[in-house]
Amino acid sequence: MFTGLIETVGSVERLVRSGVSARLQISVEWPDGDVPTAGDSVAVDGACLTAVDPTTHGFATELSPETMQRTLFSAARAGHKVNLERALRLGDRFGGHIVQGHVDGVVRVLTIRPEGGFQTWRMSLPPDHADEVAAKGSVALNGVSLTVSGLGRDWFEVALIPTTLETTSLGTLRAGAELHLETDVLAKYVARRLDRSRPTALDEMFGGGGDA
């Protein structure tokens, strides 16, 4: 589990494909010098990945076919900046919101409206996730925990403070850029409970209908 508070920004060294999977090498200097151990979970642009062959200068991670299909990593190029956050440890201070590291989809920056040192971004909102986004609720964009400041039928807005623009990769992006979206896990469960037309796993197993 993660919080959406980015620890540092790393860089893609290379992406090595192997059929429908791939190995992604990332260069990073952790601010506290606490290097992840092999097998640790790291959120890379919001996607929970497993650290492989970690060193003081970076780590590799193996991308499954599912990850390659659901994320933007298939287009990663050397030098591409990625937001990094190590998994939350028991006893850590909990900021941001609950981020699972499960990318729900890809969204596009429609417009960027500067407001002093702040920016308001209008993002596309896929129909499949429209009922999981609420005004003043939380979303993660490329792993960054953000509050929904505006909401329409097929769009939502987030407000970015100067610190977020300076300490994450978001400050380098422009209108038209695509990002990983993860909606709030609590919103997922609420939407699932309210949507009685969507069968549960047990319904599918035993051939039943919606909720009783």
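The values are calculated or read from the model by the stated rules, or taken from the named source; none is laboratory data. For clarity, every value in this text was computed on a predicted model and none was experimentally measured. Every residue, glycine among them, receives a Cβ derived from its backbone with ideal geometry; neighbour counts consider all protein chains shown. Note: accessible area is taken over every heavy atom of the protein model, side chains too, but ligands, DNA and RNA are not part of it. Shrake-Rupley method; radii C 1.70, N 1.55, O 1.52, S 1.80 Å.
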Note down the magnitude of the dipole of the chain about its Cα centre, charges +1 on Lys and Arg C-beta and -1 on Asp and Glu C-beta and zero elsewhere, to the nearest 20 debye.
420 debye
Rg/Rh of segment 24-155 (Cα atoms, Kirkwood Rh), to two decimals, equals 0.98
At R0 = 35 Å, how high is the FRET efficiency between residue 93 and residue 16 if r is their beta carbon distance? Nearest 0.05 is fine.
0.45
Rg/Rg_ref, segment 44-85, where Rg_ref = 2.2 N^0.38 Å and atoms are Cα:
1.16
Inter-probe distance in nm under a simple model that places probes 7 Å from Cα toward Cβ, at residue 1 and residue 195:
2.4 nm
Centroid-to-centroid separation of segment 136-187 and segment 2-62 [C-alpha atoms, Å]:
21 Å
In what sequence, largest accessible area first, do 64, 11 appear using a 1.4 Å probe?
64, 11
Could you work out the relative contact order of segment 25-107, using alpha carbon pairs under 8 angstrom and six or more residues apart, expressed as a whole percent?
33 percent
So residue 115 and residue 69, fully extended at 0.36 nm per residue minus their Cα-Cα distance, gain in nm 13.0 nm
Suppose each label sits 7 Å from its Cα in the direction of the beta carbon; what would the residue 23-residue 131 distance come out to in nanometres?
4.4 nm
If you build the convex hull over the alpha carbons only and average its shadow over all orientations, what do you get for segment 104-188? Give it in nm² to one decimal.
4.9 nm²
